[in-house]
Structure formats: C-alpha cells, structure tokens
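Asks: Before I ask anything, let me first share the structure, which is written out below as structure tokens.
Only the coordinates and a few stated rules stand behind these numbers; no lab work does. Just so you know, these numbers come straight off a predicted model, no measurement behind them. Please note: Cβ atoms are built from the backbone with ideal geometry, for glycine as well, and neighbour counts cover all protein chains shown.
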Amino acid sequence: MTIEEEILLAEACSKGIRSAQQFLYKSYAKVLYSILFRYLLDTEESRDMAHDCFLKIFDKIHLYKGQGSLEGWMKRVAVNHCLSVLRTKNRIRFTEFSGHNEIEQDIEDDGLETYPQHLSKEDILRCLNDLPADYKIVFQLYALDEFSHKEIGQQLGIKENASRARYFRAKKMIKEKLMTVAGKENG
C-alpha cells in the first residue's frame, strides 16, 4: 500500500466507514497481536489488548498524517498503550542504576555483534523471555520496535542512559545465553 492509499484508508476510518475499519483490522490484527504477545506472554490478554488497541487506533487515526507507514504508526500506538496498561497495573518496575560510570562502562563494552547463526527462532525467543522484565522491555522497544533511547526513557520514566545501559546489558545476556545454547547443540 502506498502512503497515499494509507492516508485515504486512515481518513475513511476516521469518518467511521465500517468497511475501511474492517479492512484495517483484518490487515493488521495479527501483526499487532504478535507485538503485544511479546510484551504480555499471554494469549487471551494479548487478544484483549489488541482489541483495545484497535479501539484506540480508530479513536486517534485522525492524527495519522502519512509521516511514515500506517503500520508503523499503529505499532507505536499499540506498544504505547500496552506499556501504559502495564505501568498502571505495576507490572513493570525500574530501579535506577547506582552510578553514571556503571552506565558508561556497559555502553563502551558492547562489542556483541557476533551471535551464533544456526539457532532457531524458538531458542532466540526463549533467551529473550528469560531476561529480567525491565531489560526485556527496553531490548524489545529498541531492537524490535525501533524506539529511540530518549523515547524509551520518556515512556518508562527512566533516564536515557539507563535505557542504553539496559539495552546493552540485555544484548550481553542474550549473547551469553545463545552461546550456551549453541554449545549444547554442538556438544
């Protein structure tokens, strides 16, 4: 779909044209559900949240102006709504790191770009799901949902550098877990 077509679809949805809303829902329900499931890890809760997100999307779709893809805009609405709900239910908690030097050390010591290449998607998802919740959320927001560290900090109520440090620590933990899994498969 071109940007012009997405703008027309968004305009039709904002006018309450049911066929346009149904088309949008059918086209993107699975995409939003899969994103929400990564955060919630619960099938029913993810379905309910996806439904709630579409209500929010239809309520705010008049704000979409063609800056980027409609799908990307909807993903952001869904992730922001999900994080808002998780915060209000106190299901995400963040503690500040002890010092600035600790954060800078994590960022400088990255060098983690070499992951085992032969692992399955299930192995990688298992490693991601084993992360502490605050690391997992930051990793997903940055690496998978393409939020900036500044946006993550604002969304989660933490400092931008704390977001960076959690991301780099999460990458390190994932690499260590993946290397362990790869070692077991080769051994």
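Asks: Report the local net charge at residue 61: Lys and Arg +1, Asp and Glu -1, summed over other residues whose C-beta lies under 14 Å from its C-beta.
Replies: +3
Asks: Let me ask something else. Which semi-axis lengths, in whole Å and largest first, follow from the square roots of five times the eigenvalues of the Cα gyration tensor of the range 1-69?
Replies: Result for the range 1-69: semi-axes of 23, 12, 10 Å.
Asks: So between residue 5 and residue 29, what do we pick up on full extension, going 0.36 nm a residue minus the alpha carbon distance?
Replies: This chain segment gains 6.8 nm when fully extended.
Asks: With a cut-off of at most 10 other beta carbons within 10 Å, and DSSP calling the residue loop, which trypsin sites (Lys or Arg not before Pro) in the range 1-69 qualify? Please list them.
Replies: Filter output for the range 1-69: 65.
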